Amino acid sequence: MLSSPAQAEFYQAVEEVLESLTMVLEQDDKYRRHAIIERMIEPERQIMFRVPWADDNGVIHVNKGYRIEFNSALGPFKGGLRFHPSVNASIIKFLGFEQVFKNALTGLPIGGAKGGANFDPKGRSDAEIMRFCQSFMNELYRHIGPNTDVPAGDIGVGAREIGYMFGQYKRLANSFDGVFTGKSLLWGGSLVRKEATGYGCVYFAKYMLQDRQQTLQDKQCLVSGSGNVAIYTIEKLQQLGAIAVSCSDSAGTIYHKSGIVLATLKQLKEVQHARLSEYISHHPDAEYTPVADYPDDGHAVWRYPADLAFPCATQNELTAADATVLVQNGCIAVSEGANMPSTQAAVEVFLEAKIAYGPGKAANAGGVATSQLEMAQNASMRSWSFAEVDEQLKIIMRNIYSSARDTASEFGAEGNLVLGANIAGFRRVADAMIEQGLV
Ligand code: NDP
């Protein structure tokens with residue numbers, strides 16, 4: 001592997017998966033004969049396009065748009081769109097690659113893809129967001145469809161952006177169909193989709209703890225991020241009797257020892273789209289650490305003592321130094337709401353310490369699984385109740401956990417859910433690719 005490849009995040013994700021697959025590749029020669037690895041690391045199709053748009057002052061901006069359709073062996077391409085200034089081909093490729101394994105692990109008929117743009121929605125008016133989304137869709141609409149590629153949200157893409165993109169798709173394609181998930185409940189969305197990634201990540205932690213004769217009751221939990229995944233992780237933790245004591249955004253970290261007040265967090269982030277630093281004006285007993293005061297080798301949020309950790313912001317937000325402090329402070333489980341939030345060195349610290357570690361591609365698969373339930377409801381023109389979807393979500397998370405755990409045991413790596421998740425996801429996709437011939 002190159003020491004500093006141009007597509008660093010993509011190489012990081014591929015390297016982690018390939019390391020886990022050594023045993024399965026040695027065990028069965030068919031994967032080598034069918035060049036499965038060579039085919040799997042190459043996306044089926046990569047679309048890159050310019051997104052020109054005018055701001056409220058008439059100034060023209062041009063962003064880079066991406067859709068990477070990675071693998072459709074198991075079903076239509078499926079994966080979110082991310083709008084964030086850090087977006088580039090490496091980040092979208094890593095996310096698309098991870099998505100293939102994650103979607104396979106759900107056991108549902110969905111392929112893997114990811115997309116987005118290096119657009120920064122922060123500080124933009126609704127009219128600017130709408131013009132950007134419409135311009136983005138002017139190109140993307142020709143590549144997607146309910147049976148070909150079904151995008152959803154991710155960082156910077158929530159209900160508002162999905163509404164604007166769906167509206168433009170409907171106009172251009174002249175079709176009202178289930179081309180997006182994460183839609184508004186008014187026009188085809190599913191109950192629980194908004195909550196699904198966070199809730200699923202907590203269910204995953206609950207199942208890991210159950211096998212260790214532990215529960216979530218009264219556990220102190222560190223959560224990073226303050227977006228969709230973090231908010232609904234905190235909500236479910238509170239419902240199950242745990243105490244979420246932190247959250248963060250790209251400017252800083254809040255630590256609230258008595259427990260994050262969810263109503264304040266939702267008001268600041270979902271209604272006002274404000275900075276998290278404002279939380280302390282409502283709760284002066286909480287602590288705020290700005291990014292400038294973070295330790296040089298990591299993130300302030302992981303330096304507080306806690307029983308459990310839920311990284312829910314972004315990739316590589318938890319370093320080996322952070323992981324070491326978490327373990328020293330007695331952390332017994334990590335369940336990842338974000339995609340690849342722990343660096344490879346941090347993952348090694350968790351595995352060596354033998355704490356329960358749920359990698360993102362397993363622990364955060366509840367979002368995409370519920371997206372598939374949204375597709376099923378759209379296709380049958382029915383809507384299921386909150387309880388019905390939530391029950392399905394629990395079953396899917398339980399199955400993902402058991403599949404990763406049992407596959408790890410099958411390969412003599414008891415408790416190593418990274419290896420278990422990678423092999424379980426790989427076998428499903430690889431076997432489907434072989435059956436479908438050389439495509
Ligand atoms: P949101 O945009 O709702 O929230 C993202 C949060 O992470 C915000 O608090 C944001 O802070 C913070 N953040 C983003 N980028 C950075 C950065 N570079 N440095 C520090 N903080 C950052 O996104 P989601 O909650 O939807 O997504 C969070 C993670 O979960 C991502 O890794 C995503 O891929 C993953 N995920 C999401 C799913 C979903 O259903 N939404 C499904 C599966 C995985 P700020 O507001 O300051 O930028």
Options Glu278, Glu287, Glu270; residue that is of a type in the set (D, E, K, R), over 25 Å from the mean Cα position of the chain (by Cα) and within 13 Å of the ligand (Cβ to nearest atom): Glu278
Matching residues, segment 216-243, being within 18 Å of Asp322 (Cα to Cα) and among the aliphatic types (A, V, I, L, M): Leu222, Val223
Output for segment 218-250, where each listed residue is surrounded by fewer than 20 Cβ atoms within 10 Å (Cβ to Cβ) and within 16 Å of the ligand (Cβ to nearest atom): Glu235, Ser250
Test result for Leu326, more than 16 Å from the ligand (Cβ to nearest atom), among the aliphatic types (A, V, I, L, M), assigned to a helix (DSSP H, G or I) and in contact with a strand residue (DSSP E or B) (Cβ under 6 Å, 6 or more places away or on another chain): yes
Any strands (runs of 3 or more DSSP E) falling wholly within segment 1-103 and containing at least 2 residues that are loosely packed, with under 14 Cβ neighbours inside 10 Å: 45-54, 60-71
When residues of segment 290-323 are limited to those that are of a type in the set (Gly, Ala, Ser) and either outside the structural domain of Thr215 (by TED's automatic domain parsing) or within 16 Å of the ligand (Cβ to nearest atom) (or both), the one surrounded by the most Cβ atoms within 10 Å (Cβ to Cβ): Ala309
Only one of Glu42, Glu38, Glu26, Glu15 that is without any contact (Cβ under 8 Å) to a residue 24 or more places away in the chain and under 22 Å from the mean Cα position of the chain (by Cα): Glu42
Candidates Asn399, Asn416, Asn339 - the one that is away from the ligand (no atom under 15 Å from the Cβ), in contact (Cβ under 8 Å) with a residue 60 or more places away in the chain and under 28 Å from Leu81 (Cα atoms): Asn399
Helices (runs of 4 or more DSSP H) fully within segment 354-439 counting 3 or more residues that are hydrophobic (A, V, I, L, M, F, W, C): 366-380, 386-410, 417-435
Single unsatisfied condition, Trp187 versus (1) outside the structural domain of Thr106 (by TED's automatic domain parsing); (2) within 16 Å of the ligand (Cβ to nearest atom): (2)
Condition met for Gly80 (under 18 Å from Arg39 (Cα atoms) and within 14 Å of the ligand (Cβ to nearest atom)): no
Pair list, Cβ < 6 Å and 6+ apart or interchain, from segment 131-154 residues that are outside any strand (DSSP E or B) to residues that are of a type in the set (D, E, K, R) and within 15 Å of the ligand (Cβ to nearest atom): Cys133/Glu161
Single match in Thr197, Thr215, Thr264, Thr253 (criterion: more than 9 Å from the ligand (Cβ to nearest atom) and buried (at least 20 other Cβ atoms within 10 Å of the Cβ)): Thr253
Hey, Ser135 buried (at least 19 other Cβ atoms within 10 Å of the Cβ), polar (S, T, N, Q) and within 30 Å of Arg275 (Cα to Cα) or not: yes
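To keep it simple, each residue is scored yes or no on (1) of a type in the set (A, V, I, L, M, F, W, C); (2) within 16 Å of Ile162 (Cα to Cα).
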position	(1), (2)
Ser86	no, no
Phe94	yes, no
Asn103	no, no
Pro109	no, no
Lys114	no, yes
Gly123	no, no
Tabulated pairs, segment 66-91, first at pLDDT 95 or above, second hydroxyl-bearing (Ser, Thr, Tyr) and within 10 Å of the ligand (Cβ to nearest atom), C-beta under 7 angstrom, 6+ apart or interchain: Lys78/Ser371
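The values are calculated or read from the model by the stated rules, or taken from the named source; none is laboratory data. The model shown is predicted, which means the values in this text are computed figures rather than measured ones. Cβ: placed from backbone, ideal geometry, glycine included. Neighbour counts: every protein chain shown.
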